[in-house]
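Taking it in order: structure first as structure tokens, then the write-up.
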Amino acid sequence: MKSLGKIRIAVIGGTGFDKLFRKTRELRLGTPYGIAPPLHIGKIGGKRVVFLPRHGSSHSVPPHKINYRANIYALHEIGVERVLATNAVGAINTNFKPGDIVVPHDFVDFTKSRLTTFYNEAPVTHIDVSQPYCPEIRKLLIKTAEEYGFHAWNKAVLVCTEGPRFETPAEIKMFKRLGCDVVGMTGIPEAVLSRELEMCYASVCYVSNMAAGVQRRLTALDVSKVTKVFHSRIEQILITTIRSLPSRRNCPCMNTLRDARFE
Ligand code: HPA
């Protein structure tokens, strides 16, 4: 990767977030896990940033088919240390409303078929996820959202479902009882895989709908319409947060593998 030089900050987003910065280069990277979608490279506030469209450039890959390992590994390969993700979510907690910003502090994994680890061989590795999202990036995302005056929830439990269908009302009731606030299909295993490679990861989510059974009917078209409306807010938060990230990390994420292995 010498000719490219290290790119330490990544944004992972859905389709439409690729206008975050002017793309100066596009990169296609193969990994031991497969080929990642085209990586868009550019600059924000003088910092080199890579954007990864998680559903592919033309939004052709559904959430359960995304090659999460290839995506995260590709970012690690080019030197990324911090990942800022954005996800559309449905609100289970009825205090949350469409348009609200949510920076989750914890998650529940209800995915079913995804490959969620890089560590399938010895040494057996158990990473700590007592604090699953990077505290340093979370704090900055929340501060930025509040400074813009956006309605932002600074604590929330995100449940990740397998998709591609939306949830049933009974599932949402169950998640509510379990203490989940928002539901989405793409946050996991991105957060876990990033942590496994000692990269920081935090997500700025936006509520695109009330969850199934809370609102009468749920369509992908509605989700995409709301996304377009709130898109620029998320971009503002991401850009300002990236500008204000200190150059050196000040969080435990980079020491994840210390003491994580059976000798
Ligand atoms: N459920 C799952 N994923 C979602 C939702 C939802 O209600 N809204 C946006 N992504």
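A compact table of results
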quantity: Residues satisfying the stated conditions in the range 177-227, i.e. of a type in the set (D, E, K, R) and either part of a loop (DSSP other than H, G, I, E, B) or more than 13 Å from the ligand (Cβ to nearest atom) (or both); calculated: ARG177, ASP181, GLU190, ARG195, GLU196, GLU198, ARG216, ARG217
quantity: Residue within the range 115-135 that is more than 22 Å from PRO252 (Cα to Cα) and at pLDDT 95 or above present; calculated: yes
quantity: Odd one out for LYS173, checked against (1) surrounded by fewer than 24 Cβ atoms within 10 Å (Cβ to Cβ); (2) part of a loop (DSSP other than H, G, I, E, B); calculated: (2)
quantity: Wholly enclosed strands (runs of 3 or more DSSP E) of the range 46-165 bearing at least 1 residues out of contact with any strand residue (DSSP E or B) (no Cβ under 6 Å at 6 or more places or on another chain) and away from the ligand (no atom under 16 Å from the Cβ); calculated: 47-53
quantity: Selection from the range 1-27 of residues that are of a type outside the set (Gly, Ala, Ser), more than 21 Å from THR186 (Cβ to Cβ) and in a loop (DSSP other than H, G, I, E, B); calculated: MET1, LYS2, LEU4, LYS6, ILE7, ARG8, PHE21, ARG22, LYS23, THR24
quantity: Residue list for the range 208-226, restricted to those being more than 17 Å from ASP181 (Cα to Cα) and polar (S, T, N, Q); calculated: THR219, SER224
quantity: Breaking point among (1) surrounded by 15 or more Cβ atoms within 10 Å (Cβ to Cβ); (2) of a type outside the set (Ser, Thr, Tyr); (3) without any contact (Cβ under 8 Å) to a residue 60 or more places away in the chain, for VAL11; calculated: (3)
quantity: Selection from the range 30-40 of residues that are aliphatic (A, V, I, L, M) and surrounded by 18 or more Cβ atoms within 10 Å (Cβ to Cβ); calculated: ALA36, LEU39
quantity: Residues satisfying the stated conditions in the range 228-238, i.e. out of contact with any helix residue (DSSP H, G or I) (no Cβ under 9 Å at 6 or more places or on another chain) and more than 16 Å from the ligand (Cβ to nearest atom); calculated: SER232
quantity: Any hit, the range 196-207, residues being more than 17 Å from the chain's Cα centre (by Cα) and aromatic (Phe, Trp, Tyr); calculated: no
quantity: Any chance ARG54 is touching a Gly at 6+ places or on another chain (Cβ under 8 Å), crowded, with 22+ Cβ neighbours inside 10 Å and at pLDDT 90 or above; calculated: yes
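The values are calculated or read from the model by the stated rules, or taken from the named source; none is laboratory data. Here the structure is a predicted model, which is why all the values come from computation and not from measurement. Ideal geometry is used to build each Cβ from the backbone, glycine not excepted, and the neighbour counts take in all protein chains shown.
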